[in-house]
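Single-structure report; data block below.
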Amino acid sequence: MKPKKIIIIGGVAGGASAAARARRLSEEAEIILLERGLYVSFANCGLPYHIGGEIADRDRLLVTTPEQLRTRFRLDVRTQNEVTAIYPAAKEVEIKNLETGKVYRESYDALILSPGAHPVHPPVPGIDSPKVLSLRNMEDMDRIIKALDGKQHATVIGGGYIGLEMVEALRQRKIATALIQRPAQVMNLADPEMVSILHQELTLNGVDLRLNTSVTRYSESANGLKLTLSSGETLETGVVILAIGVKPETALAEAAGLELGPHGGIKVNDRMQTSDANIYAVGDAVEVTDFITRQSALIPLAGPANRQGRIAADNMFGRDSRYKDTQGTAICKVFNLAIGMTGLSEKAAKRAGIPFEKIYVHPASHASYYPGASPLSIKMLFDPKDGKVLGAQAVGSDGVDKRIDVFAVAIRAGLTVYDLEELELSYAPPYGSAKDPVNMAGFVAANALRGDVKLCQVEDVLKPAAHQQVLDVRTSGEVAAGTIPGAKNIPLDELRDRLGELSKEKEYLVFCKVGQRGYLACRILTQNGFKCRNLSGGYTTYQRTVEVPAAEMPEKHKPAQNVEKEPTMKIVKTVNACGLQCPGPILQLKNAIDEVNEGEAVSITATDPGFVADAPAWCNTTGHELVSMEPAGKGEYRATVIKRGGQGSGKRAMTNVVFSNDFDKAMAAFIIANGAAAAGYEVTLFFTFWGINILRKSGPVAAKKNLIEKMFGFMMPKGAERLKLSQMNMGGMGLAMIKGIMKKKNVMPLSALIAQAKLGGVKLVVCTMSMDLMGIKKEELIDGVEEGGVAMYIDRLSCSSANLFI
């Protein structure tokens, strides 16, 4: 029997995979691999990383070489040979040798097309300038590197995978960079609330981000190019990298009469056969079936291309191998962050008319008590009837790839949210949590499907109906830092005692920071006859949806765009606040600034994303100068602050009354006090009645007391470590649980908050009348406490701009 003759057009990804697979299946077959470029099987996904310098050795991008393919697989590899025509009836192809100019023909028994896709070039005046480049292959990469030599500024057009990778590469080369994106968000495949944090990350890394903007003209200029933008502005730049998408390369197929799909790609069946049974097609040029929607789609990804090449080779040799559709699993690095996705996005589900429910969770990447844990945000879509997982997106600095891969397998296997609850995933504190974020997503979704809680979304709380009321169950300290407009605040621990303030005629849209306390609040409300819904993802998702965090940064505190600028300040103190939750990093910064001289600088590193907005706000309040806010490694942010003599908005005061000795209320009192002191407030805490017990010493104290006073002293808690929760204390079990969670979340304990308040200059004043009534002596109180009466309180109150009763 005559050996089969196979011709493969295109030597990258799918083509190279098909050639290697074909040889493994047949030692006798004649296999010709035709590639019009100089290279075969190179790592095209790694090209931006060589431009940026992460992959220093160019040869590392060459997965294999023509010589290696010839030697190991006995392939006839012909580089710089371009196929110019296909003749299906004759089963021949016409080839041009680009080195010699010779044109010749080759016959085939089976043909595989792997031509890939080419960058989109819209019809914009001047776009054909040699200074407008794109990135597809090794030659393009070399041209870009050469063009960047000596350039001070570059512009990337398009904020997809290649655009974002190129922006980072340019900043790695210390080139001032603009990113122009026509939609209102980068990474347009993802949902907007999942990418808003990427906008912050880009800005922090000195990228001039221009959303809702396009280029209407490219003009030559002395510095390179002048770009005319849709906003009417102009932008001078040295080089432009065009990255607005790719289009399937189908000219050969179309000229040969092969059928194209509705989106312009080559139409294939699940064996990767085209409309001609002897011609197969793989990779970015083909249309695939979307795994979820069952609709035809163009999804150019390297993984599917390689699998398709293998499947095409199998079928050429009689094996029944089928391609089982594409679900679009992908991930992209954006400086310190990564964004990953698989299956349906909300936008795609709406376009396809597929019903869905969605949930958000915001856990830590691994056990929060182990160093290096960083925030992770996950959005999951699922079928509202049977709970089948439809899609997931995740963003964070660590652990995104692991969770998206688990979701991808779940979608492929047809798993439901109930199955996610039961997944047994690897756990050790450095790598995960006992309840993995994927499990958590399953818990939240399954609770909703079982009817344990009804969900609401950000769009619901933005425009509540007349019968609805937004209810914030966070602490007063959290609310002081921001809330949803129109929300009523009843902290979760006070909810049972304040149900009388609520109406059973209304439906309450409940929220907390990330959704967990909101769920508990809804359980309380539902079992007491109230109608309610829990905001999925809580206030964190609300913030991500309604704003881009970087936009909040005061203009004068935004980081400089030129990363080559040498700092002129003297950094005399370096602080590591990684792992600390708010207000920990700000307190650390305040303490460090207090210890240095005017004009000297402090460098502080934190992992709390809120610190990115908190630090500029703190500097704006206190009058100190934020020199820079920049990423500092994996999931970390570094601020450099110069101590200045001014006090920003002027000296302000806060006087709060502490009436309760409940642990949770004492925590709120001292968190607020420390935060205000760090922001430059003169803070006075006036302790009266039960609140005085917070300041009692824990051990035995020699103090002269009568019998009643001794009885009072015995029955009341002695100091911060003996307090109880206002709700759910459960004989101390609830308190132990809260303290355990605080330790895992790196929240300062109450005793440390008290010590910090004293160091920060917070005045602790006890009411003398209350001390007398309750039989508390001065000797029983911790050091640094002042005594005072109502006149002293009123005097301090008259000078204060804020007052709370706790």
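The values are calculated or read from the model by the stated rules, or taken from the named source; none is laboratory data. Fair warning: this is a prediction, and the values are worked out from it, not measured in the lab. Using ideal geometry, Cβ is built from the backbone for each residue, glycine included, and neighbour counts are taken over all protein chains shown. Keep in mind that these areas ignore ligands, DNA and RNA; they rest on the heavy atoms of the full protein, side chains included. Shrake-Rupley method; radii C 1.70, N 1.55, O 1.52, S 1.80 Å.
Let's see how each residue does on (1) open to solvent by 60 Å² or more (accessible area, probe 1.4 Å); (2) of a type outside the set (A, V, I, L, M); (3) under 23 Å from Gln543 (Cβ atoms):
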{"position": "Leu492", "(1), (2), (3)": "no, no, yes"}
{"position": "Arg496", "(1), (2), (3)": "yes, yes, no"}
{"position": "Leu499", "(1), (2), (3)": "no, no, no"}
{"position": "Glu505", "(1), (2), (3)": "yes, yes, no"}
{"position": "Val510", "(1), (2), (3)": "no, no, yes"}
{"position": "Gln516", "(1), (2), (3)": "yes, yes, yes"}
{"position": "Ala521", "(1), (2), (3)": "no, no, yes"}
{"position": "Leu525", "(1), (2), (3)": "no, no, no"}
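For the stretch 41-60, filtered to residues that are buried (at least 16 other Cβ atoms within 10 Å of the Cβ) and more than 28 Å from the chain's Cα centre (by Cα), the residue that is farthest from Asp140 (Cα to Cα) is Ser41. Only a single criterion out of (1) open to solvent by 10 Å² or more (accessible area, probe 1.4 Å); (2) on the phi < 0 side of the Ramachandran plot is not satisfied by Asp325, namely (2).
Against the numbered list (1) closer than 19 Å to Arg403 by Cβ; (2) open to solvent by 10 Å² or more (accessible area, probe 1.4 Å); (3) among the hydroxyl-bearing types (Ser, Thr, Tyr), Tyr369 comes up short only at (1). Being free of Cβ contacts under 8 Å to residues at least 60 places away in the same chain and either at negative phi or in a loop (DSSP other than H, G, I, E, B) (or both) is the requirement here; does Glu94 meet it? It is true that Glu94 is free of Cβ contacts under 8 Å to residues at least 60 places away in the same chain and either at negative phi or in a loop (DSSP other than H, G, I, E, B) (or both). Against the condition out of contact with any Lys or Arg (no Cβ under 9 Å at 6 or more places or on another chain), at pLDDT 80 or above and open to solvent by 30 Å² or more (accessible area, probe 1.4 Å), how does Lys745 come out, does it pass? It is false that Lys745 is out of contact with any Lys or Arg (no Cβ under 9 Å at 6 or more places or on another chain), at pLDDT 80 or above and open to solvent by 30 Å² or more (accessible area, probe 1.4 Å).
Kindly indicate the residue of the stretch 73-91 that is open to solvent by 50 Å² or more (accessible area, probe 1.4 Å) and more than 47 Å from the chain's Cα centre (by Cα) and also nearest to Ile279 (Cα to Cα) among those meeting that condition.
We begin by selecting, within the stretch 73-91, every residue open to solvent by 50 Å² or more (accessible area, probe 1.4 Å); these are 74, 76, 82, 84, 87, 89-91.
Remaining after also requiring more than 47 Å from the chain's Cα centre (by Cα): 87, 89-91.
Working: Tyr87: 11, Ala89: 11, Ala90: 12, Lys91: 9 Å.
This residue is Lys91.
Being open to solvent by 30 Å² or more (accessible area, probe 1.4 Å), under 15 Å from Ile378 (Cβ atoms) and assigned to a loop (DSSP other than H, G, I, E, B) is the filter here, so list the residues in the stretch 434-448 that pass it. If the condition is that a residue be open to solvent by 30 Å² or more (accessible area, probe 1.4 Å), under 15 Å from Ile378 (Cβ atoms) and assigned to a loop (DSSP other than H, G, I, E, B), then Lys435 is the only one that fits. Within the stretch 231-250, restricting attention to residues that are farther than 24 Å from Met141 by Cα and out of contact with any strand residue (DSSP E or B) (no Cβ under 6 Å at 6 or more places or on another chain), the residue that is surrounded by the fewest Cβ atoms within 10 Å (Cβ to Cβ) is Gly232. Residues in the stretch 491-531 that are at pLDDT 95 or above and β-branched (Val, Ile, Thr): Val510, Ile524, Thr526. Name the single residue, out of those in the stretch 107-134 being in a loop (DSSP other than H, G, I, E, B) and either touching a Leu at 6+ places or on another chain (Cβ under 6 Å) or free of Cβ contacts under 8 Å to residues at least 24 places away in the same chain (or both), that is least open to solvent (accessible area, probe 1.4 Å). Looking at the filtered set, the residue picked out is Lys131. In the stretch 154-174, the count of residues that are within 30 Å of Thr84 (Cα to Cα), out of contact with any strand residue (DSSP E or B) (no Cβ under 7 Å at 6 or more places or on another chain) and not basic (Lys, Arg) is one or more. If you take the residues in the stretch 623-635 that are crowded, with 21+ Cβ neighbours inside 10 Å and over 11 Å from Ser603 (Cα atoms), which one is nearest to the chain's Cα centre (by Cα)? So, considering only residues that are crowded, with 21+ Cβ neighbours inside 10 Å and over 11 Å from Ser603 (Cα atoms), the one nearest to the chain's Cα centre (by Cα) is Gly635.
Within the stretch 554-579, can you find the residues that are assigned to a loop (DSSP other than H, G, I, E, B) and either touching a Ser or Thr at 6+ places or on another chain (Cβ under 8 Å) or at pLDDT 90 or above (or both)? Show your work before the answer.
Here is the first cut: in the stretch 554-579, the ones assigned to a loop (DSSP other than H, G, I, E, B) are 554, 558-569, 577-579.
Result: Lys558, Pro559, Ala560, Pro567, Met569, Ala577, Cys578, Gly579.
A quick yes/no check of all residues on (1) outside the structural domain of Tyr161 (by the TED database); (2) among the acidic types (Asp, Glu); (3) free of Cβ contacts under 8 Å to residues at least 40 places away in the same chain; (4) under 25 Å from Val103 (Cα atoms):
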residue	(1), (2), (3), (4)
Gly10	yes, no, no, yes
Ala13	yes, no, no, no
Leu25	yes, no, no, no
Leu34	yes, no, no, yes
Ser41	yes, no, yes, yes
Asn44	yes, no, no, no
Ile51	yes, no, no, no
Glu54	yes, yes, no, no
Asp59	yes, yes, yes, no
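Among residues belonging to the stretch 763-804 that are without any contact (Cβ under 8 Å) to a residue 40 or more places away in the chain and hydroxyl-bearing (Ser, Thr, Tyr), point out the one that is most open to solvent (accessible area, probe 1.4 Å). This residue is Ser798. The residues of the stretch 348-376 that are hydroxyl-bearing (Ser, Thr, Tyr) and either assigned to a loop (DSSP other than H, G, I, E, B) or outside the structural domain of Arg403 (by the TED database) (or both), listed by number, are Ser365, Ser368, Tyr369, Tyr370, Ser374.
If I filter the stretch 23-32 for residues that are touching a Pro at 6+ places or on another chain (Cβ under 7 Å) and open to solvent by 20 Å² or more (accessible area, probe 1.4 Å), do I get at least one hit? Break it down stepwise before answering.
First, the residues of the stretch 23-32 that are touching a Pro at 6+ places or on another chain (Cβ under 7 Å): 28-30.
Next, from what is left, pick out any that are open to solvent by 20 Å² or more (accessible area, probe 1.4 Å): 28, 30.
Checked against the condition, which is being touching a Pro at 6+ places or on another chain (Cβ under 7 Å) and open to solvent by 20 Å² or more (accessible area, probe 1.4 Å), the stretch 23-32 yields at least one hit.
Can you say whether Met341 is open to solvent by less than 10 Å² (accessible area, probe 1.4 Å) and outside the structural domain of Val282 (by the TED database), as far as the supplied structure shows? Answer is no for this residue.
Any idea which of Gly158, Gly150 is assigned by the TED database to the domain that holds Leu229 and buried (at least 22 other Cβ atoms within 10 Å of the Cβ)?
Gly158
Scanning the stretch 16-44 for residues that are in contact with a strand residue (DSSP E or B) (Cβ under 6 Å, 6 or more places away or on another chain) and either assigned to a strand (DSSP E or B) or on the phi > 0 side of the Ramachandran plot (or both) yields Glu30, Ile31, Ile32, Leu33, Leu34, Glu35, Phe42.
Just to verify a result, which residue in the stretch 636-653, among those that are assigned to a strand (DSSP E or B) and open to solvent by 20 Å² or more (accessible area, probe 1.4 Å), is modelled with the highest pLDDT?
Going residue by residue through the stretch 636-653, those that are assigned to a strand (DSSP E or B) are 637-642, 652-653.
From what's left, open to solvent by 20 Å² or more (accessible area, probe 1.4 Å): 638, 652.
Details: Arg638: 89, Arg652: 75.
Filtering the stretch 636-653 for residues that are assigned to a strand (DSSP E or B) and open to solvent by 20 Å² or more (accessible area, probe 1.4 Å), the one modelled with the highest pLDDT comes out as Arg638.
Which of the residues that make up the stretch 598-618 are modelled with pLDDT of 85 or more and touching a strand residue (DSSP E or B) at 6+ places or on another chain (Cβ under 8 Å)?
Here is the first cut: in the stretch 598-618, the residues modelled with pLDDT of 85 or more are 598-606.
Those that are modelled with pLDDT of 85 or more and touching a strand residue (DSSP E or B) at 6+ places or on another chain (Cβ under 8 Å): Gly599, Glu600, Ala601, Val602, Ser603, Ile604, Thr605, Ala606.
With respect to the conditions (1) assigned to a loop (DSSP other than H, G, I, E, B); (2) among the β-branched types (Val, Ile, Thr); (3) within 35 Å of the chain's Cα centre (by Cα); (4) under 30 Å from Ser41 (Cβ atoms), Thr289 falls short on a single one, namely (1).
Within this structure, Leu225 fails the test of being crowded, with 24+ Cβ neighbours inside 10 Å, closer than 18 Å to Leu148 by Cβ and either in contact (Cβ under 8 Å) with a residue 24 or more places away in the chain or touching a helix residue (DSSP H, G or I) at 6+ places or on another chain (Cβ under 8 Å) (or both).
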